[in-house]
Structure formats: structure tokens, C-alpha cells
1. Picking from I141, I152, which residue would you name as being within 16 Å of Y103 (Cβ to Cβ) and in contact (Cβ under 8 Å) with a residue 24 or more places away in the chain?
2. Suppose we keep only residues that are part of a helix (DSSP H, G or I) and over 17 Å from the mean Cα position of the chain (by Cα) within region 21-43. Which one would you say is surrounded by the most Cβ atoms within 10 Å (Cβ to Cβ)?
3. Those residues that are farther than 24 Å from S96 by Cβ and touching a strand residue (DSSP E or B) at 6+ places or on another chain (Cβ under 8 Å), I need them from region 174-186; list them, please.
4. Considering each residue of region 151-188, count those that are part of a loop (DSSP other than H, G, I, E, B) and either open to solvent by 10 Å² or more (accessible area, probe 1.4 Å) or under 17 Å from M67 (Cβ atoms) (or both), and give that number.
5. What residue, of G115, G106, is assigned to a helix (DSSP H, G or I) and either out of contact with any strand residue (DSSP E or B) (no Cβ under 7 Å at 6 or more places or on another chain) or aromatic (F, W, Y) (or both)?
6. Can you tell me which condition Y103 does not meet? The list is (1) open to solvent by less than 40 Å² (accessible area, probe 1.4 Å); (2) under 17 Å from G38 (Cβ atoms), and all the others hold.
7. Quick check on region 69-82. Is at least one of its residues surrounded by fewer than 18 Cβ atoms within 10 Å (Cβ to Cβ) and closer than 15 Å to S138 by Cβ?
8. Residues F53, F86, F78, F82: which one is at pLDDT 90 or above, of a type outside the set (S, T, Y) and assigned to a loop (DSSP other than H, G, I, E, B)?
Amino acid sequence: MNYIVSNMIATENILPKGIVEKFSSLFEEQPLLVRSPGRINIIGEHTDYNEGFVLPAAINQSAYIAMSARKDDEIRLFSSDFDQSFNCSLSHLIPSKLGWPNYILGVADQLVKRGYSIKGFNLVLHGEVPIGAGLSSSASIECATVFALNEIFHLHLPPLEMVLIAQKAEHEFAKVMCGIMDQFASMFGKKDH
């Protein structure tokens with residue numbers, strides 16, 4: 001099984017309990033696992049989208065995604081935090097009223113709009129970053145999603161392009177006109193930096 005983090009190889013002991021088992025029970029296969037951290041701000045509250053200075057840092061709370069590619073254009077999602085499923089097709093990507101799928105669907109939508117060749121996918125999401133706490137739970141989901149899609153579909157995206165895709169996904173599907181700080185910190189954050 002592959003364990004990947006956006007900036008380091010993950011080890012089995014950092015995985016949230018039950019994510020692999022849940023994925024296997026839903027989709028009857030082994031997933032690729034990706035972890036992407038939330039962030040704190042030392043400087044930067046509401047300044048990044050106003051061209052001000054920022055100084056974020058990645059934290060040890062993360063979003064975890066278990067993912068596998070499908071051969072069709074179906075997208076099958078499950079959130080362990082909400083105990084909810086959501087299904088749609090790649091050819092009909094629109095924002096969901098549920099909210100949480102939008103951070104994933106927005107990334108898929110951006111890849112399609114940019115002409116990348118992807119298919120449907122299975123995904124289980126587990127988040128440790130508290131929702132609404134200002135720690136970038138949404139950016140960690142978006143970055144984990146784009147990183148995982150990049151891996152399973154061999155897109156060869158550079159990290160900065162993945163950051164820009166994640167940011168645009170938040171603009172268009174979550175309707176939050178954020179700056180680049182959250183996704184940048186999640187993608188490029190390093191331990192002890």
C-alpha cells in the first residue's frame with residue numbers, strides 16, 4: 001500500500017484509525033493514502049488576499065485521503081467526519097449542497113477545465129483539522145485531493161500548480177475568495193520550519 005504526504009512519505013503509524021478499513025469495505029480495494037496539513041498564522045490573518053505580508057506554518061493536524069482510480073467517470077466520496085456519502089459523475093460537476101464534497105469536486109473540476117486527463121475515483125476523507133477554527137481545514141482537503149489525483153492519474157503537476165488549482169477550486173466551488181497562503185502552507189510546509 002502507498003502512503004504519501006504532500007511533503008514527506010507517511011508511515012502507517014500516523015494514519016487515522018479505520019481509514020483503510022473503511023475504504024476497503026466501501027470499495028473492495030486498497031487505496032493510495034495522502035496526508036496534507038492544516039496551518040496556523042504567525043502573521044497573515046486577512047492580509048494574503050489584500051497583498052499584505054504573511055508568515056504561516058504547517059501544523060500536525062491534517063486531512064487524510066484514501067483514493068483509488070476508477071475506469072468510468074463516477075466519483076464516489078465518503079466523509080468519515082460526517083458519516084456521509086456523495087456520488088456524482090465527472091461529466092456533471094456542480095457544487096453540492098452538502099458542503100464538504102465541494103473541496104474535492106472543485107479540484108476535479110479545475111483539472112478537467114485545464115485539460116488534464118482524469119477519470120472517476122473513489123475517495124474516503126478523514127479530517128483532523130477542526131472545521132471553522134481558522135486552521136485551513138478546506139485547504140488541507142484540497143491539497144490532499146489534488147496531490148492524490150496527481151499521483152493516481154500520473155499528471156506530473158509541479159507543487160505550485162497544485163496550489164493554484166486548489167486555490168481556484170475554493171474560489172469556484174466553495175465560493176471563498178481566499179488568497180494563496182492556506183494552500184501554499186499546506187503543500188509546502190515542512191517539519192520544524
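1. The match here is I141.
2. Looking only at region 21-43, we keep the residues that are part of a helix (DSSP H, G or I), and these are 21-27.
Still in the list and also over 17 Å from the mean Cα position of the chain (by Cα): 21-22, 24-27.
Values: E21: 11, K22: 17, S24: 14, S25: 11, L26: 17, F27: 19.
Among them, the one singled out is F27.
3. M181, F184, A185 - these are the residues of region 174-186 that are farther than 24 Å from S96 by Cβ and touching a strand residue (DSSP E or B) at 6+ places or on another chain (Cβ under 8 Å).
4. First pass over region 151-188, keeping only residues part of a loop (DSSP other than H, G, I, E, B): 153-158, 175-180.
Among the residues that remain, those that are also either open to solvent by 10 Å² or more (accessible area, probe 1.4 Å) or under 17 Å from M67 (Cβ atoms) (or both) are: 153-158, 175-178, 180.
Residues in region 151-188 being part of a loop (DSSP other than H, G, I, E, B) and either open to solvent by 10 Å² or more (accessible area, probe 1.4 Å) or under 17 Å from M67 (Cβ atoms) (or both): 11 in total.
5. Details: G115 fails: assigned to a helix (DSSP H, G or I).
Being assigned to a helix (DSSP H, G or I) and either out of contact with any strand residue (DSSP E or B) (no Cβ under 7 Å at 6 or more places or on another chain) or aromatic (F, W, Y) (or both) holds for just one of G115, G106, which is G106.
6. So Y103 meets the others, but not (1).
7. Yes; the residues of region 69-82 include at least one that is surrounded by fewer than 18 Cβ atoms within 10 Å (Cβ to Cβ) and closer than 15 Å to S138 by Cβ.
8. Checking each option against the conditions leaves just F82.
The values are calculated or read from the model by the stated rules, or taken from the named source; none is laboratory data. Because the structure is predicted, anything quoted here is derived from the model rather than measured. Please note: Cβ atoms are built from the backbone with ideal geometry, for glycine as well, and neighbour counts cover all protein chains shown. We work out accessible area using only protein heavy atoms, side chains counted, and drop any ligands, DNA or RNA first. Shrake-Rupley method; radii C 1.70, N 1.55, O 1.52, S 1.80 Å.
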